[in-house]
Amino acid sequence: MMGFSCQHRSISLHIFLISVVLLLNAPAGRCGSYKRIFSFGDSLIDTGNYARSGPIMEYPYGMTYFHHPTGRISDGRVVIDFYAQAFQLPLIPPNLPQKDTGLFPTGANFAVSGSMAMPPEYFRRWNHDVSWACCLGVQMGWFKEMMQRIAPWDDAKRQILSESLIVLGEIGGNDYNFWFAARRPREQANQFIPDIVATIGSTARELIGMGAKAIMIPNNFPIGCVPAYLSGYKSNNRADYDEHGCLRWFNDFSQRHNQALRGEVGRLRAQHPNVKLIYADYYGAAMEFIKDPHKFGIGDPMAACCGGDDQPYHVSRPCNRMAKLWGNPSSFASWDGMHMTEKAYDVISHGVLNGPFADPPLLWC
């Protein structure tokens, strides 16, 4: 009996030690899932709110994954699709096609191509006319209308939001894009940063007040590496470019926005310690395939896959069924000179889901 007891203890201790080793090597704090995703933003995650006809609903859009156009400004999936699939949810439907009838049991996407953080009237003080009226406030209005329709009571709203992931952006990029595209003084854009970041922060606070318990806030992409910027602001001065061939000033500008946004996320965390606030570093994730494109099977990360014959950026004409396809989209990072390919979004979403390009990574608690 004594020998059996000692042997039993030895086996138990062995099992215990194996369990400890497994726990120590297991991904700490792995999250289970979210029941829903609600997302806000612009064309980078629009899944069909903006386009229901026109070139975006024609070949070659959607050619890679869906094999038909879906309203996404890409050859296939965008980042929100990868997030949904990671949490084993159906792809999140756009809100507008089902605005008055949809029940959205697994969430809804309110992102619209061309959306800004600020309303158009904000820019009138600088005599800057922005004709596209959709902004973050409009998307929040749609969100509240949907919540009131599917969950009329406050307790029901809070329950839904407590089980949901909110993806708040990327938003704010078009506030700068429209300014730079109009060839307005670029240094002036710096004064927009505090207001844009404050708007994103106040929207997050409003969502928290409604019951949200998990909000991801992505930063801005390295716009100095975007083909449309590289073509539009082409310079003969080598000092205007960094070691990767990106426009130094515009990437520095994106980083100024991102630094301010990270500070705002820090303030939100201090004010709401019981809410999971995730800062997603889209800038850093995108720079991975700028720095080492061949690691991801990408040729020239700063050339558009779909566009014109101009070299080296291919942005002399818009992407449509008459445009030139320069090869398989899986070997490109840029789809049309402003928007990315599914391949690029896959790389970015992987870095956000698993780290290191999110604080904390989206798949970790």
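The values are calculated or read from the model by the stated rules, or taken from the named source; none is laboratory data. Note that this is a predicted model, so its numbers are computed, not measured. For neighbour counting, all protein chains shown are included, and Cβ atoms are generated from backbone atoms with ideal geometry for every residue, glycine included. Surface areas here come from the heavy atoms of the whole protein model, side chains and all, with no ligands, DNA or RNA. Shrake-Rupley method; radii C 1.70, N 1.55, O 1.52, S 1.80 Å.
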- Item | Largest-first ordering by accessible area, 1.4 Å probe, given options Glu243, Glu121 | Glu243, Glu121
- How far, in nm, would the chain grow between Gln259 and Trp153 when pulled straight, counting 0.36 nm per residue and subtracting the alpha carbon separation? 34.3 nm
- Message: Explain nothing, just the number: dipole magnitude of the chain about its Cα centre with +1 on each Lys and Arg Cβ and -1 on each Asp and Glu Cβ, in debye rounded to the nearest 20.
- Response: 620 debye
- How do 265-274, 330-339 rank on mean C-beta neighbours within 10 Å, highest first? 330-339, 265-274
- Compute the signed sum of charges (Lys and Arg +1, Asp and Glu -1) over the other residues within less than 14 Å, Cβ to Cβ, of Phe332. -3
- Message: Out of all DSSP beta bridges in the range 196-346, what portion is antiparallel? Express it as a percent rounded to 5.
- Response: 40 percent
- What lysines could a cross-link reach from Lys157, if we take a straight Cα to Cα line under 29 Å and drop same-chain neighbours fewer than 8 places away? Lys35, Lys99, Lys144, Lys213, Lys276
- Å² per residue, accessible surface of the range 111-249 at 1.4 Å: 40 Å²
- Note on the structure: Ignoring ligands and nucleic acids, Arg248 exposes an accessible area, probe 1.4 Å, in Å² to the nearest 10, of 100 Å²
- Message: Skipping prolines and chain starts, which residues have an amide H placed within reach, meaning under 5 Å, of the one on Cys135, given they are 5 or more residues away or on another chain?
- Response: Met116
- Query: Does anyone have the angle between helix 248-271 and the longest principal axis of the chain? Alpha-carbon axes, 0 to 90°, nearest 10?
  - Reply: 40 degrees
- Within the set of other residues whose C-beta is less than 14 Å from the C-beta of Tyr59, count the net charge using Lys and Arg as +1 and Asp and Glu as -1. 0
- Note on the structure: GluC sites (Glu not before Pro) in the range 146-188 lying in a DSSP loop, each with at most 15 other Cβ atoms within 10 Å of its Cβ, come to Glu163
- Determine how large the accessible area of Lys144 is when every protein chain is in place; take a 1.4 Å probe and give Å² rounded to the nearest 10. 80 Å²
- For Asn354 and Ser202, FRET efficiency with R0 = 30 Å and r from the beta-carbon atoms, rounded to 0.05? 0.50
- Just add up the charged neighbours of Leu96: K/R +1, D/E -1, any other residue whose Cβ is under 12 Å from the Cβ of Leu96. -1
- The percentage of the accessible area of the chain (probe 1.4 Å, all protein chains present) made up of carbon and sulfur atoms, to the nearest whole number, is 56 percent
- Message: So if each residue of separation counts as 0.36 nm, and I subtract the Cα-Cα distance between Asn320 and Ser162, what length gain in nm does that give?
- Response: 52.7 nm
- Message: Could you give the length gained by full extension between Ala181 and Gln311, i.e. 0.36 nm per residue of separation minus their alpha carbon distance, to one decimal place?
- Response: 44.8 nm
- Query: How would you order 289-299, 73-83, 305-315 from highest to lowest mean count of nearby Cβ atoms within 10 Å?
  - Reply: 73-83, 305-315, 289-299
